[in-house]
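This report concerns only the one structure given below.
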Amino acid sequence: FHLDELSQRARQTAFLVPGLEIVVRDERGGADEVDETSYRFDGGISEFVEFLAPDAAVTDTWRLTGAATFTETVPVLQASGAMVPTEVERECHVDVALRWGTGYETVTRSFANIIATPKGGTHHQGFAQGLMKLLRTQVEQNARRLKVGNDKLEKDDILAGLTAVLTVRLPEPQFEGQTKEVLGTPPVLQIVTNVVSRELPARFASTKRDD
């Protein structure tokens with residue numbers, strides 16, 4: 001067993017499940033050399049963002065949450081033993097924590113049912129799509145005040161200094177590949193886009209400013 005890898009996984013899971021405490025004990029050194037670390041983060045993915053962020057904060061850590069239902073056709077086992085394509089209703093819960101910092105590095109982590117999706121997928125595509133559409137609209141609406149001229153906001157401009165953790169929960173997620181590194185459930189893309197488009201504008205409209 002590799003202690004560092006176990007500790008990283010325990011810390012990550014504790015971030016993703018607020019209030020869950022995970023204790024990692026290394027007793028290989030004997031009774032006199034027990035190495036024990038406890039992980040618990042009641043703030044959940046908001047604390048995860050602060051842990052991952054490589055720079056000083058420009059914004060607060062914002063939390064965007066929402067849920068929506070969708071339908072999909074899946075094979076269902078019948079009493080006769082036959083598998084019959086059946087339309088079922090699913091519910092997808094979205095939880096995002098993000099903040100911008102003073103640097104240029106972009107740090108994002110995405111998960112589906114606490115399973116890491118390092119290569120992204122439909123949830124990550126929906127997040128990026130919603131973010132770009134919203135921020136471009138904000139800049140266009142405030143072009144004169146921001147003095148942006150005819151310059152168009154590009155993806156790299158939006159992602160610079162961003163640290164974000166994106167999680168979705170849904171029944172029977174579809175993953176691409178045996179390693180489950182990419183979420184493939186199609187309706188999740190639009191659900192995440194809608195959550196970002198609905199929840200983030202309130203942050204820009206707020207009159208509250210950091211010190």
_Kirkwood Rh, Cα atoms: Rg over Rh of the chain_ = 1.06
*If you average the sequence gap of Cα pairs under 8 Å that are 6 or more apart and divide by the length of the stretch 1-141, what percent do you get for the contact order?*
18 percent
*Exposure of residue 87 as accessible area (Å², to 10), given a probe of 1.4 Å and all protein chains*: 130 Å²
*Accessible area in the full protein assembly, largest first, 1.4 Å probe, for 158, 115*: 115, 158
*Count neighbours as other Cβ atoms within 10 Å of each site's Cβ, and list the GluC sites (Glu not before Pro) in the stretch 175-206 that are DSSP loop with at most 15 such neighbours.*
181
_If the elastic network links every pair of Cα atoms under 10 Å, which of 63, 136, 99 fluctuates the most in the Gaussian network model of the chain?_
136
*Highest-MSF residue in the chain out of 14, 128, 56 [GNM, Cα springs under 10 Å]*: 56
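On alpha-carbon atoms, Rg over Rh for the stretch 16-134 using Kirkwood Rh?
That ratio equals 1.12.
Rounded to the nearest 5, what % of the DSSP beta bridges within the chain are antiparallel ones?
So the antiparallel bridges in the chain amount to around 85 percent.
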*How about residue 152: which aspartates and glutamates have a C-alpha closer than 20 Å to its C-alpha, ignoring those fewer than 8 places off in the same chain?*
140
*Using r as the Cβ-Cβ distance of residue 157 and residue 9, and R0 as 35 Å, what FRET efficiency do you calculate, to the nearest 0.05?*
0.55
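Over all alpha-carbon pairs in the stretch 147-205, figure out the percentage whose distance exceeds 18 Å.
Tail of P(r) above 18 Å: 57 percent of Cα pairs.
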*Where is the GNM fluctuation largest for the chain (alpha-carbon springs, 10 angstrom cutoff): 75, 186, 54?*
75
*Heavy-atom accessible area of residue 25 with all protein chains present, probe 1.4 Å, nearest 10 Å²?*
120 Å²
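Over all alpha-carbon pairs in the stretch 68-108, figure out the percentage whose distance exceeds 14 Å.
67 percent
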*Which distance in Å, rounded to a whole number, links the C-alpha centroids of the stretch 1-35 and the stretch 59-116?*
27 Å
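Going by the alpha-carbon gyration tensor, a ≥ b ≥ c the square roots of its eigenvalues, is the stretch 64-166 rounded (a/c under 1.5) or, if a/c is not under 1.5, prolate (a/b greater than b/c) versus oblate?
It is prolate, given that a/c is not under 1.5 and a/b is the larger ratio.
The values are calculated or read from the model by the stated rules, or taken from the named source; none is laboratory data. All values derive from a computational prediction rather than experimental measurement. For neighbour counting, all protein chains shown are included, and Cβ atoms are generated from backbone atoms with ideal geometry for every residue, glycine included. These area figures cover heavy atoms from the full protein model, side chains too; ligands, DNA and RNA do not enter into them. Shrake-Rupley method; radii C 1.70, N 1.55, O 1.52, S 1.80 Å.
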